[in-house]
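**Q** First the structure, which I've put down as structure tokens, then a few questions once you've had a look.
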Amino acid sequence: MTKNPSFKDFKKDWIIQIVITGSMLGIIQQFAGINSIMYYGTQVLQSSGFGANAALIANVANGIFSCLGAIIGMYTVDKLGRKPLELLGLIFCGISLIAVGLIKTFAANASWTPVTIMILILIYIIIDQGTIGPVTWLINSEIFPSRYRGLGTGITIFTLWFANFIVGLLFPVLLASIGLANVFYLFAAFCLFGAWFVSVRVPETKGVELEEIETYFRAKYDHSFKGESKIK
């Protein structure tokens, strides 16, 4: 009978590396800014130039586009694969955030600025919710061997929600102190860092057996392991 895993099992280098990978994906997902925008959408739109009432009404679109993005993600995740979808999402979310920052920096007082920023934010939301959002959760459930999945995903999801708490706590402070443009530049930097991290650390898990994913991490991080991974 196989005994349940404990924290002692997580002292093994290759399991620690899986935990680091999953935890970083959760941190990247949150520091890419999605929940800050969802939580404080009205304040973001007001900082973009909308009046208070208009921002409150326009913020309804955030929820609608979030749902649309999730539906799109359901149909694309098994067609495009986990890693490519995560990479594309991070890159295009980063571009959208940079575009908002540039408009706010160089055309803050233009008549077209508020609507343009709102459109870019909605594009960002639908991309994020169709890629980074669902794929992060999916990869976290697939990178752990079945024996370690319960405790392992518990650690990584706790990290994700703690990152959510930190970003949600700091966002209003950052918005007031450094402004919308710089906050979005910061989120964009995390997106681009995330794209690099995914490209070098995360294996493609679509259609891959759990044993092969375990082999991938053990071949990279367990020096006593003699096997070779088929995952590139």
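**Q** Whole-Hz ³J(HN,Hα) for each residue in region 38-46, computed from phi via Karplus 6.51 cos²θ - 1.76 cosθ + 1.60 with θ = phi - 60°, x for glycine and proline: what do you get?
**A** After applying 6.51 cos²θ - 1.76 cosθ + 1.60, I find 5, 6, 10, x, 5, 5, 4, 5, 5 Hz.
**Q** Moving to a separate point now. State the three equivalent ellipsoid semi-axes of region 59-100, derived from the C-alpha gyration tensor as the square roots of 5 times its eigenvalues, in descending order and whole Å.
**A** Over the Cα atoms of region 59-100, the ellipsoid semi-axes are 20, 17, 5 Å.
**Q** For PHE165 and PHE193 in the same chain, what is the full-extension length gain: residue separation times 0.36 nm, less their Cα-Cα distance, in nm?
**A** Fully extending the segment from PHE165 to PHE193 adds 8.0 nm.
**Q** Among PHE31, ASN62, ILE121, which residue has its Cα furthest toward the positive end of the charge dipole of the chain, with +1 on Lys/Arg Cβ and -1 on Asp/Glu Cβ?
**A** PHE31
**Q** For ASP222, ASP78, what's the largest-to-smallest order of accessible area, 1.4 Å probe?
**A** ASP78, ASP222
**Q** Taking the 0 to 90 degree range and rounding to the nearest ten, how far is the long axis of helix 60-80 tilted relative to the main principal axis of the chain, both from C-alpha atoms?
**A** 30
**Q** Also, quick follow-up: Would you work out which of ILE178, VAL198, GLY81 lies farthest towards the positive end of the dipole of the chain? Charges go on Cβ: Lys and Arg +1, Asp and Glu -1.
**A** Toward the positive end, the furthest listed residue is VAL198.
**Q** Sticking with this one: If each DSSP helix of 4+ residues adds -39,500 (n - 2.57) and the sum is divided by the residues in the chain, what number results at 222 nm, nearest 500 deg cm²/dmol?
**A** -26500 deg cm²/dmol
**Q** In nm, give the distance between the simple-model label positions of ILE20 and VAL60, each being 7 Å from the Cα along the Cα-to-Cβ direction.
**A** 4.8
**Q** Note the full-extension length gain between ALA176 and PHE225 as 0.36 nm times their separation in residues minus their Cα-Cα distance, in nm to one decimal.
**A** Gain on extension, ALA176 to PHE225, equals 12.5 nm.
**Q** Moving to a separate point now. Label points 7 Å out from Cα along the Cβ direction at ILE71 and LEU102: separation in nm?
**A** 3.2
**Q** For the chain, what is the accessible area per residue in Å², given a 1.4 Å probe and the full set of protein chains?
**A** Accessible surface, normalised per residue, equals 49 Å².
**Q** Treat each spin label as a single point 7 Å out from the Cα along the C-beta direction, and report the LEU80 to PHE158 distance in nm.
**A** Between LEU80 and PHE158, the simple spin-label model gives 3.3 nm.
**Q** Now for a different question. Using just the C-alpha positions of the chain as equal point scatterers, what log10 of I(q)/I(0) does the Debye formula give at each q in 0.11, 0.14, 0.18 1/Å?
**A** Log-scaled intensity ratios, in q order: -0.59, -0.87, -1.26.
**Q** Multiplying the sequence separation of ASN109 and GLU211 by 0.36 nm and subtracting their Cα-Cα distance, what value in nm do you get?
**A** Answer, rounded to one decimal: 31.1 nm.
**Q** Just how many % of Cα pairs in region 37-157 lie over 26 Å apart, if you round to the nearest whole percent?
**A** Counting every Cα pair in region 37-157, those more than 26 Å apart make up 32 percent.
**Q** Can you compute the charge dipole magnitude of the chain about its Cα centre, using +1 on each Lys and Arg Cβ and -1 on each Asp and Glu Cβ, nothing else charged? Give it in debye, rounded to the nearest 20.
**A** In debye, rounded to 20, the chain gives about 360.
The values are calculated or read from the model by the stated rules, or taken from the named source; none is laboratory data. Predicted model only: the values in this text are computed from it and were never measured. For neighbour counting, all protein chains shown are included, and Cβ atoms are generated from backbone atoms with ideal geometry for every residue, glycine included. Calculation scope for accessible area: heavy atoms of the full protein, side chains included, ligands and nucleic acids excluded. Shrake-Rupley method; radii C 1.70, N 1.55, O 1.52, S 1.80 Å.
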